[in-house]
1. Does anyone have the angle between helix 37-49 and the longest principal axis of the chain? Alpha-carbon axes, 0 to 90°, nearest 10?
2. Could you give the angle, 0 to 90 degrees to the nearest 10, between helix 53-74's Cα long axis and the longest principal axis of the Cα atoms of the chain?
3. Tilt of helix 11-21 relative to the longest C-alpha principal axis of the chain, in degrees (0 to 90, nearest 10)?
4. Could you work out the local net charge near residue 47, counting Lys and Arg as +1, Asp and Glu as -1, over the other residues with Cβ closer than 13 Å to its Cβ?
5. Just add up the charged neighbours of residue 59: K/R +1, D/E -1, any other residue whose Cβ is under 11 Å from the Cβ of residue 59.
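Each reported figure results from applying straightforward, stated rules to the coordinates on display, with no laboratory input. Since the structure is predicted, the reported quantities are computational estimates derived from the model, not experimental observations. Cβ coordinates were reconstructed from backbone atoms using ideal geometry, including for glycine residues, and neighbour counts include every protein chain displayed.
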Amino acid sequence: MCWSLSPNCNEFNKNLYQYYEKQTPWSGLPPTLPRNYKEMEFYAKCLRKHKYYIKSFHWYLKYLLAKIKYLIKKY
């Protein structure tokens with residue numbers, strides 16, 4: 001999903017991506033959601049930039065919790 005939110009995504013790029021995606025064994029799978037705190041932060045920023053404020057806030061909270069868990073585990 002985040003690739004479609006990229007500022008570099010235009011119709012040509014999107015069609016090109018979809019063309020090659022259909023040729024892979026993963027063509028029917030949905031995009032994966034962020035799994036670690038770094039991906040969560042990037043996803044939240046991406047959503048906020050495209051004015052999905054509620055989803056962005058949700059993912060930013062998930063990011064903060066994941067970051068706190070990481071720091072506790074590290075120390």
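1. With rounding to tens, the tilt is 60 degrees.
2. 50
3. Roughly 90 degrees, rounded to the nearest 10.
4. Details: positive: 45, 48, 49, 51, 55, 62; negative: 39, 41.
Its environment carries a net charge of +4.
5. Numbers: positive: 45, 48, 55, 62; negative: 39, 41.
With Lys, Arg at +1 and Asp, Glu at -1, the neighbours total +2.
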